[in-house]
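Colleague: Here's a structure for you.
The values are calculated or read from the model by the stated rules, or taken from the named source; none is laboratory data. Values in this document were obtained by computation on a predicted structure and should not be read as measured data. When we count neighbours, we look across all protein chains shown, and the Cβ atoms used for this are built from the backbone with ideal geometry, even at glycine. Areas reflect the complete protein model, heavy atoms only, side chains present, ligands, DNA and RNA absent. Shrake-Rupley method; radii C 1.70, N 1.55, O 1.52, S 1.80 Å.
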Amino acid sequence: MSKTLVIGASGQLGIELVLALQAKHGVGSVHLADIRVPENEQVLKSHFLHLDATDEETMAKVLEEGRYVEVYQLAAMLSATSEKKPLAAWDLNMKSLLNVLEAGREGWIERVFWPSSIAVFGPGTPKKNVPQDALLDPSTVYGISKQSGEYWCRYYHEKFGVDVRSLRYPGLIGHRSNPGGGTTDYAVEIYDFAVQDLPYSCFLKADQALPMMFMDDAVRGTLELMAAPSDSIRVRTSYNFSGMSFSPAEVGESIRQHLPEFELEYAPDHRQEIASSWPESIDDIAAIHDWAWESRIDLSEMTKVMLEACRAKTIHTTS
Ligand code: SER
């Protein structure tokens with residue numbers, strides 16, 4: 001029986017990954033950990049541990065006793081919140097990772113997953129089709145923590161043989177959980193506003209294109225990466241991982257294909273500066289080559305699914 005632990009299980013990605021892992025391995029084979037209880041009934045059918053991922057002693061105890069085959073370490077502070085609390089972000093993002101890597105070094109875990117981000121790229125990186133080995137030039141605290149994390153992952157793999165795998169996620173868009181504190185969060189909120197016939201005021205400018213991905217693609221890709229044979233994983237920092245690229249104006253246009261009256265305004269705030277430092281699109285040929293990654297869902301398909309799902313949620317919560 002495969003036993004899996006998801007740390008940071010209450011977050012946007014955590015909830016979605018837990019649902020997919022439950023479907024794959026069974027509810028009893030998945031354990032969850034977070035400092036807050038996940039707001040999802042199905043997710044809570046798995047065993048929940050109240051756990052602070054920065055607490056070295058408790059993490060060591062849980063990971064030694066748990067003998068998990070796979071640990072997904074997702075606890076992190078995202079880009080916009082990290083700019084407001086830089087030292088707290090560094091503390092959380094680094095300690096949580098190092099606690100898990102240490103457990104890997106001790107031999108208590110077989111495989112580790114840790115998410116990196118497009119935030120490792122910055123002003124010195126090319127804007128379009130960023131290659132796998134492009135200059136990392138993060139200008140945010142979040143990006144600096146992800147860049148450092150990537151090198152810690154490679155270090156633990158090379159020095160201690162820890163089988164740690166990672167993806168540089170673009171903005172993730174799904175309907176089963178909410179994001180929080182990120183620069184790409186607008187691309188989830190916009191659908192919730194649209195189905196309620198509310199105008200949406202976007203905190204990024206109209207033509208700020210960014211790399212994005214539909215959650216179902218992201219979760220499938222993550223599970224495929226973790227299922228690949230270890231010797232096929234040739235990138236031990238983190239893989240470029242690409243789905244689509246669009247701007248707020250483009251997602252607004254794709255919503256108007258279904259809801260012609262949808263109104264979109266722009267009021268860029270502090271998050272615009274973060275977005276401007278990131279690339280528009282990513283080249284993920286290394287992931288395609290090494291473990292057969294294939295993105296399947298484009299903007300128009302995603303808009304269709306998001307509008308249907310958000311509409312169903314609105315009906316459910318108002319009835
Ligand atoms: N979605 C993340 C953020 O906006 C990027 O990794 O912070």
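Colleague: Please identify which residues in segment 211-247 have an amide N closer than 16 Å to a label point set 7 Å out from the Cα of A23, following the Cα→Cβ vector.
Modeller: 214-225
Colleague: In straight Cα distance, which aspartates and glutamates are under 12 Å from K205, not counting same-chain residues fewer than 8 positions off?
Modeller: E250, E265, D269, E273
Colleague: Mind pulling the angle between the C-alpha long axis of helix 299-318 and the longest principal axis of the chain? Nearest 10 degrees, somewhere in 0 to 90.
Modeller: Once rounded, the angle reads 90 degrees.
Colleague: Cα axis of helix 12-25 to longest principal axis of the chain: angle in degrees, 0 to 90, nearest 10?
Modeller: So the inclination is approximately 60 degrees.
Colleague: Given a Förster distance of 22 angstrom, what is the FRET efficiency for K304 paired with K45, based on the Cβ-Cβ distance and rounded to 0.05?
Modeller: The computed FRET efficiency comes out at 0.15.
Colleague: Please give the per residue volume of the convex hull enclosing the alpha carbon atoms of segment 186-256, rounded to a whole number of Å³.
Modeller: In segment 186-256, the Cα hull volume divided by residue count equals 102 Å³.
Colleague: Compute, for segment 13-128, the length of the dipole vector about the Cα centre, with Cβ point charges of +1 (Lys, Arg) and -1 (Asp, Glu) only. Units Debye, rounded to 20.
Modeller: 540 debye
Colleague: Could you work out the helix-only [θ] at 222 nm for the chain, with each DSSP H run of four or more residues adding -39,500 (n - 2.57) and the total divided by the number of residues, to the nearest 500 deg cm²/dmol?
Modeller: Calculated at 222 nm, the ellipticity per residue is -13500 deg cm²/dmol.
Colleague: Which of A134, F160, V112 sits farthest toward the positive end of the charge dipole of segment 70-182, with +1 on the Cβ of Lys and Arg and -1 on the Cβ of Asp and Glu?
Modeller: A134
Colleague: Here's another thing I want to ask about it. Could you give the accessible area per residue of segment 142-232, probe 1.4 Å, as a whole number in Å²?
Modeller: Ligands and nucleic acids excluded, the figure is 33 Å² per residue.
Colleague: Which ³J(HN,Hα) values, rounded to whole Hz and listed in residue order, are derived for segment 126-141 from phi using the Karplus coefficients 6.51, -1.76 and 1.60 in 6.51 cos²θ - 1.76 cosθ + 1.60 with θ = phi - 60°, glycine and proline given as x?
Modeller: x, 7, 10, 6, 4, x, 3, 9, 5, 4, 8, 9, x, 10, 10, 4
Colleague: I'd like to compare 254-266, 94-106: which one has the highest average count of other Cβ atoms within 10 Å, and what's the full order after that?
Modeller: 94-106, 254-266
Colleague: Under 5 Å between amide hydrogens, which residues at least 5 positions from G171 or on another chain qualify, with H placed 1.01 Å from N in the peptide plane?
Modeller: M212, M213
Colleague: Suppose the Debye formula is applied to equal point scatterers at every Cα of segment 1-119; what is log10 I(q)/I(0) at q = 0.12, 0.15, 0.18, 0.23 Å⁻¹?
Modeller: Normalising to I(0) and taking log10 leaves -0.40, -0.62, -0.89, -1.38.
Colleague: A further question on this structure: Once phi is turned into θ = phi - 60°, what whole-Hz ³J(HN,Hα) does the Karplus curve with 6.51, -1.76 and 1.60 give for every residue of segment 181-196, x standing for Gly and Pro?
Modeller: After applying 6.51 cos²θ - 1.76 cosθ + 1.60, I find x, x, 8, 9, 4, 4, 6, 9, 4, 4, 5, 4, 5, 4, 6, 9 Hz.
Colleague: Report, by chain and number, residues whose modeled amide H sits under 5 Å from the one on W278, excluding near sequence neighbours (fewer than 5 apart, same chain).
Modeller: none
Colleague: Restricting to bridges with both residues inside the chain, how much of the DSSP beta-bridge set is antiparallel, in percent to the nearest 5?
Modeller: 10 percent
Colleague: In segment 13-137, what is the count of Lys pairs whose alpha carbons are under 29 Å apart, counting only pairs at least 8 residues apart or on separate chains?
Modeller: Value for segment 13-137: 11.
Colleague: Report in % the part of the accessible area of segment 84-163 that belongs to carbon and sulfur, leaving out ligands and nucleic acids; probe 1.4 Å.
Modeller: About 52 percent, which is the carbon plus sulfur part of the accessible surface.
Colleague: Report the label-to-label distance for D91 and Q272 in nanometres (one decimal), using points 7 Å from each Cα along the Cα→Cβ vector.
Modeller: Rounded to a tenth, the inter-label distance reads 3.3 nm.
Colleague: Please report, in whole Å³, the volume per residue of the convex hull around the C-alpha atoms of the chain.
Modeller: In the chain, the Cα hull volume divided by residue count equals 122 Å³.
Colleague: So what J values fall out for segment 236-249 if you push phi through Karplus, 6.51 cos²θ - 1.76 cosθ + 1.60 with θ = phi - 60°, rounded to Hz, Gly and Pro as x?
Modeller: Calculated HN-Hα couplings, in order: 10, 7, 6, 7, 4, 9, 10, x, 8, 9, 8, 9, x, 4 Hz.
Colleague: Here's a follow-up. May I ask for the angle, rounded to the nearest 10°, between helix 86-105 and the longest principal axis of the chain, with both axes built from Cα atoms and the value confined to 0 to 90°?
Modeller: Value to nearest ten degrees: 40.
Colleague: Still on this structure, please answer the following. Can you sort E308, E57 by solvent-accessible area, 1.4 Å probe, largest first?
Modeller: In descending accessible area the options line up as E57, E308.
Colleague: Would you list H316, H270 from the most to the least accessible area, probe 1.4 Å?
Modeller: H316, H270
Colleague: log10 I(q)/I(0), Debye, Cα-only segment 59-148, no solvent, q = 0.12, 0.21 Å⁻¹?
Modeller: Ignoring solvent entirely, the Cα scatterers give -0.44, -0.96.
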